[in-house]
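Worksheet for the structure shown next.
The values are calculated or read from the model by the stated rules, or taken from the named source; none is laboratory data. The structure displayed is predicted, hence computed values, not measured ones. Backbone-built Cβ (ideal geometry, glycine too); neighbour counts: all protein chains shown. When the accessible area is computed, the model is the full protein with side chains, heavy atoms only, and any ligands, DNA or RNA have been set aside. Shrake-Rupley method; radii C 1.70, N 1.55, O 1.52, S 1.80 Å.
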Amino acid sequence: MENARDMLDQEACHRAVLTRDPRFDGRFFTCVKTTGIYCRPVCPARTPKRENMSFVASAAAAEEAGFRACLRCRPETAPDMGAWRGTSNTVSRALNLIEAGALDEGDVDALAARLGVGERHLRRLFRQHLGAAPVSVAQTRRILLAKALIHQTDLPMAEVALASGFGSVRRFNETFQALYGRPPSSLRQRTERPSDGGVRLSLPYRPPYDVEAMLSMLATRGETIENGVWRRDLIPEIDQAAGRISARFEKEGRLAITAELDDLKALPGVLARVRRLFDLSADPEAIRRDLSADPLLRPLVEARPGLRLPGAWIDQGTDLASDRTPDDWNNEGLTARAETWRPWRAYGVLHLHEAGVDGAAMMMMETRDEKDAA
């Protein structure tokens, strides 16, 4: 069976690294055999010789192969993206659960049961799409979140361990010592940071992003938006912690988060909800490419390339949010056409809605197109 590394065009990856093409940031990672380090395609360090480079689909695959994250380009700051996006419903759902902490206390068998698949099948899917096992993906998620907290906050190391999903400070220290040959505290740069007002992090996303449209849609749904800042009170029954969280778009490609929690163990799950709410893991290039194949959607997508799909804070859905369509769009003609938009059907509907095209108007357009074709 074809795996994630086989699906990567190794020479195309090499060309992207040579030009430091930002379009590929987060789509793959470069493993350097001579240094044992893996980097983002945009790493500013001198490009290694081609024979010393190999390319993998995920940070987890790189770490599973024994490579450690580059301290210069910092893979934890890359946009959340992988070869699995839009290709596997099961892998997408599994990664959402892992990001929320499903493997911090549970095991792969329990995760597979929640997804309604066998444990061996789940491992096979992860190997195919990410090039790594589920436990490796969970471990890398913890490590990269810990690195972000070390670099971006002044939290004590014991609190970093809790906030990034490690079960104990001892396990946290042992993991970093094994990966980097040094304690985690040595990775912290002594920069003055605000020490009050909670945990402050910057979450990456892939531009373009229509910020005004997203904030407007969230406000319409009842989310609190004031002066460009989104806020939400956290509820222990839902978020496993009390407190509040806020977000503001700052420089392009970054969403600044401030989280005040009474239990830092809840931070990974809260961040996962924020990423889903703001659709930070979307791949606008893939959405544009696939939806533009429909002549009706092509001009709409080109006009609004940064349009994102607001997510739900609580999402128990068993299907991809990007593939859902409203019930009032489910008639024979629309459903048949929307099938060609998969796995981005919801984005197709969103573009039509934002352009003022409803189901009835779309049916009229289809009839007109058929007459023109005749």
>> Would you confirm, using the coordinates I've provided, whether Asp239 is surrounded by fewer than 19 Cβ atoms within 10 Å (Cβ to Cβ) and more than 23 Å from Trp344 (Cβ to Cβ)?
In response: no
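Per-residue answers, yes or no, for (1) under 22 Å from Asp315 (Cα atoms); (2) of a type in the set (A, V, I, L, M):
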position	(1), (2)
Asp104	yes, no
Leu111	yes, yes
Glu119	no, no
His129	no, no
Ala132	no, yes
Leu144	no, yes
Gln152	no, no
Leu155	no, yes
> Is there a residue being crowded, with 23+ Cβ neighbours inside 10 Å, modelled with pLDDT of 95 or more, not in a helix (DSSP H, G or I) and not aromatic (Phe, Trp, Tyr) anywhere in region 6-26?
Replying inline: no
> Within the set of pairs 6 or more residues apart or between chains, which connect a residue that is assigned to a helix (DSSP H, G or I) inside region 236-253 to a residue that is aromatic (Phe, Trp, Tyr) with Cβ atoms less than 8 Å apart?
Replying inline: Ile238/Trp313
> Of Thr367, Thr340, Thr335, which residue is in a helix (DSSP H, G or I), at pLDDT 85 or above and among the polar types (S, T, N, Q)?
Replying inline: Thr340
> Pick from region 257-271 the residues that are part of a helix (DSSP H, G or I) and touching a strand residue (DSSP E or B) at 6+ places or on another chain (Cβ under 9 Å): which of them is most open to solvent (accessible area, probe 1.4 Å)?
Replying inline: Leu264
>> I want to confirm something. Restricting to region 289-302 and keeping residues that are farther than 17 Å from Ala346 by Cβ and assigned to a helix (DSSP H, G or I), which single residue is least open to solvent (accessible area, probe 1.4 Å)?
In response: Pro299
> Based on what the data block shows, is Pro79 part of a loop (DSSP other than H, G, I, E, B), over 14 Å from Gly131 (Cα atoms) and modelled with pLDDT of 90 or more?
Replying inline: no
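Rundown of residues vs (1) under 17 Å from Leu203 (Cβ atoms); (2) part of a helix (DSSP H, G or I); (3) without any contact (Cβ under 8 Å) to a residue 40 or more places away in the chain, yes/no style:
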| position | (1), (2), (3) |
| --- | --- |
| Arg123 | no, yes, yes |
| His129 | no, yes, no |
| Thr140 | yes, yes, no |
| Leu144 | yes, yes, no |
| Ala148 | yes, yes, no |
| Glu159 | no, yes, no |
| Leu162 | no, yes, no |
>> Return the residues of region 27-44 that are of a type outside the set (Lys, Arg) and either modelled with pLDDT under 90 or touching an Asp or Glu at 6+ places or on another chain (Cβ under 9 Å) (or both); say none if nothing qualifies.
In response: Tyr38, Pro41, Val42
> What tally of residues in region 11-53 results from selecting those that are under 23 Å from the mean Cα position of the chain (by Cα) and among the polar types (S, T, N, Q)?
Replying inline: 1
>> Being part of a loop (DSSP other than H, G, I, E, B) and closer than 25 Å to Gly253 by Cα is the requirement here; does Arg72 meet it?
In response: yes
> For region 242-256, which residues satisfy the criterion of being touching a Lys or Arg at 6+ places or on another chain (Cβ under 9 Å) and surrounded by fewer than 15 Cβ atoms within 10 Å (Cβ to Cβ)?
Replying inline: Arg244
>> Can you find a residue that is part of a loop (DSSP other than H, G, I, E, B) and either touching a His at 6+ places or on another chain (Cβ under 6 Å) or open to solvent by 30 Å² or more (accessible area, probe 1.4 Å) (or both) anywhere in region 272-288?
In response: no
> Taking region 285-303 as the region of interest, how many residues are at pLDDT below 90 and touching a Lys or Arg at 6+ places or on another chain (Cβ under 6 Å)?
Replying inline: 0
> If the Cβ limit is 7 Å and pairs must be 6+ apart or interchain, which residue in region 292-304 that is touching a residue at least 12 places away in the same chain (Cβ under 8 Å) pairs with which residue that is open to solvent by 80 Å² or more (accessible area, probe 1.4 Å) and among the hydroxyl-bearing types (Ser, Thr, Tyr)?
Replying inline: Asp294/Thr340
> Do we find a residue being farther than 19 Å from Leu350 by Cβ and open to solvent by 70 Å² or more (accessible area, probe 1.4 Å) anywhere in region 307-317?
Replying inline: yes
